[in-house]
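The values are calculated or read from the model by the stated rules, or taken from the named source; none is laboratory data. No experiment lies behind these values; they were computed from the predicted model shown. Don't worry about glycine lacking a Cβ; one is built from the backbone with ideal geometry, like all the others, and counts go over all protein chains shown.
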Amino acid sequence: MWTGREVAPGADPGVAGRSFGGRLHYLDSIRIALSALVILHHAAQPYGPVDWWYVEGEPKARWIEDFAVLNAPFKMSLFFLIAAYFLPAAVDRRHERPYLGPRLRKLGGPILIGFFLVIPVLMFAYYRAFRGYGPIGFGDYYANVYLGAGEEPAGWSGPIWPDRQFGHLWFIQHLLVYSLLYLAWRAFADRVRVRRGEEALPGVRDVPERVGGLAVLGFAAVVAVGTALLRVRYAVDEWMPVAEIIQTEPADLAQHVPFVVAGVLAYRRGWLETLPARVGYGWLAAAAALSVGYVAFRSDLTGFFELSGANAGQFAWAGYETVLCVGFALGMLVLFRDHVRGTGRAQRAAADATFAIYLVHLPIVVGLQYLMRDAPFGASGRFPLVAAAAFVLSVGAALLLRRTPLVRAVL
């Protein structure tokens, strides 16, 4: 992803950032790493967690469940922060080229493709494998069950009728909503600045603003308190439609929205450049220590923690999860910022294909999980094989799809 200008002459392209207008290579590397973590998380679902999944009845391993629990809190929040970091520059350029149309195409395109082409395949496979309503062809399922043209079967197992849903596309939906909200805010703020006789564009700080440990602690407190308050009413893994189509898990909104705001402010104020390494590594160490503690004292902790309600267990888990979220996110930002000095052509292509990887990875993961159902080994063997193969195939499929001009326009 480009900030809109070339790297300044003589600048190291590996460290060029907001000040130089060059490509932020370490954010490319983080996006690839986060894509891998998302694939790992979904590859782990049938082999550890007890959540609903497209594949059922698989062998379980406790370490895989632990991995899923500890991997869950931070990766999507960091994805939101990185995406939001590039929002201001894109909106600033709307005076040179339109913003709304390309944004709707870039985010709305994957949502529509996923809803009409990707998710139906996943739900049809689940319908055939685990629902006892008799044989049905894909065409009949698509029209009558997925889109709801037929009558609801007696004793429908749900969770909703018709079977249509957005599945993992919720992330792209939310990113589109946040983008539109930011665009509306900027239109209002720009008008106010013009009336005051100021420049229409807010610009960026000439000297990046230093962000210190107390600011990070305050940010973490906002995330923790917000998370705890939301989970008094909404449990983890409780999903609801907003405006009928925006698939939302309210329990995690306080982990996502502050990271979106932080990403926008980080661009304007240069926070990614000034975040002290000691602060990032300190939070990373805290997250790592809590992760080790969770594994070591799993039985005691899981017996105490709660996922919802106004009780000590829920408040404790909200704080515990916040340290994991903020710690791993800041740790990755500092670690990659200070140690990634450039990316190759293949890495840049993979980073640019992030949305495509996200869109196509789930049917690949689930397909591999189905293929592994009769494998002669347990969860600890199936999970890494599925994860490794899914990552390679997802990246390869995404890069191949993006070679088609029509697909590249929306992915």
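Which residue is nearest to Arg164 (Cα to Cα), if the candidates are limited to the stretch 100-112 and must be crowded, with 19+ Cβ neighbours inside 10 Å and not basic (Lys, Arg)? The residue in question is Ile111. Of the residues in the stretch 152-173, not one is among the aliphatic types (A, V, I, L, M) and over 30 Å from Glu58 (Cα atoms).
Among residues of the stretch 287-301 being hydroxyl-bearing (Ser, Thr, Tyr) and under 25 Å from the mean Cα position of the chain (by Cα), the one that is farthest from Ala220 (Cα to Cα) is Tyr294. Would you tally the residues in the stretch 246-281 being of a type in the set (D, E, K, R), within 14 Å of the chain's Cα centre (by Cα) and surrounded by fewer than 21 Cβ atoms within 10 Å (Cβ to Cβ)? Residues in the stretch 246-281 being of a type in the set (D, E, K, R), within 14 Å of the chain's Cα centre (by Cα) and surrounded by fewer than 21 Cβ atoms within 10 Å (Cβ to Cβ): 1 in total. All conditions but one from (1) farther than 30 Å from Leu284 by Cβ; (2) at pLDDT 95 or above; (3) hydrophobic (A, V, I, L, M, F, W, C) apply to Phe171; the one that does not is (1). Of all residues in the stretch 225-245, which are more than 12 Å from Leu307 (Cβ to Cβ) and under 20 Å from the mean Cα position of the chain (by Cα)? Hits for the stretch 225-245 are Gly226, Trp239, Met240, Pro241, Val242, Ile245. Of everything in the stretch 328-341 that is out of contact with any Leu (no Cβ under 7 Å at 6 or more places or on another chain) and more than 29 Å from Arg103 (Cβ to Cβ), the residue that is modelled with the lowest pLDDT is Arg341.
Out of Ala125, Ala72, one residue alone is under 18 Å from the mean Cα position of the chain (by Cα), over 20 Å from Leu406 (Cα atoms) and crowded, with 17+ Cβ neighbours inside 10 Å. It is Ala72.
From the set of residues in the stretch 185-228 that are more than 19 Å from Ala84 (Cα to Cα) and touching a Ser or Thr at 6+ places or on another chain (Cβ under 7 Å), which is surrounded by the most Cβ atoms within 10 Å (Cβ to Cβ)? Looking at residues that are more than 19 Å from Ala84 (Cα to Cα) and touching a Ser or Thr at 6+ places or on another chain (Cβ under 7 Å), I get Thr227. All of Val211, Val236, Val264 fail the test of being in contact (Cβ under 8 Å) with a residue 60 or more places away in the chain, of a type outside the set (Asp, Glu) and not in a loop (DSSP other than H, G, I, E, B), apart from Val264. Given the structure, is Arg337 basic (Lys, Arg), surrounded by fewer than 21 Cβ atoms within 10 Å (Cβ to Cβ) and either out of contact with any Phe, Trp or Tyr (no Cβ under 8 Å at 6 or more places or on another chain) or under 20 Å from Gly212 (Cα atoms) (or both)? In short, no.
Apart from one condition, Leu147 fits all of (1) at pLDDT 90 or above; (2) farther than 26 Å from His42 by Cβ; the exception is (2).
Rundown of residues vs (1) farther than 28 Å from Ala397 by Cα; (2) of a type in the set (Gly, Ala, Ser); (3) without any contact (Cβ under 8 Å) to a residue 12 or more places away in the chain, yes/no style:
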residue: Ile82; (1), (2), (3): no, no, no
residue: Tyr85; (1), (2), (3): no, no, no
residue: Pro88; (1), (2), (3): yes, no, no
residue: Val91; (1), (2), (3): yes, no, no
residue: Arg105; (1), (2), (3): no, no, no
residue: Gly108; (1), (2), (3): no, yes, no
residue: Val121; (1), (2), (3): no, no, no
residue: Leu147; (1), (2), (3): no, no, no
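Every listed requirement among (1) under 26 Å from Gly342 (Cβ atoms); (2) modelled with pLDDT of 95 or more is met by Asp12 save one, (2). Residues in the stretch 85-99 that are surrounded by fewer than 19 Cβ atoms within 10 Å (Cβ to Cβ), over 19 Å from Gln173 (Cβ atoms) and not charged (D, E, K, R): Ala89, His95, Pro98. Put simply, of Leu307, Leu290 the only residue that is in contact (Cβ under 8 Å) with a residue 12 or more places away in the chain and part of a helix (DSSP H, G or I) is Leu290. Among helices (runs of 4 or more DSSP H) entirely within the stretch 41-98, having at least 1 residues that are modelled with pLDDT under 95 and closer than 30 Å to Arg186 by Cβ singles out 87-92. Would a scan of the stretch 243-253 turn up a residue that is closer than 24 Å to Tyr85 by Cβ, hydroxyl-bearing (Ser, Thr, Tyr) and touching a residue at least 40 places away in the same chain (Cβ under 8 Å)? Looking through the stretch 243-253, at least one residue is closer than 24 Å to Tyr85 by Cβ, hydroxyl-bearing (Ser, Thr, Tyr) and touching a residue at least 40 places away in the same chain (Cβ under 8 Å).
Is it the case that the stretch 379-397 has a residue that's at pLDDT below 95 and surrounded by fewer than 22 Cβ atoms within 10 Å (Cβ to Cβ)? No, the stretch 379-397 has no match at all.
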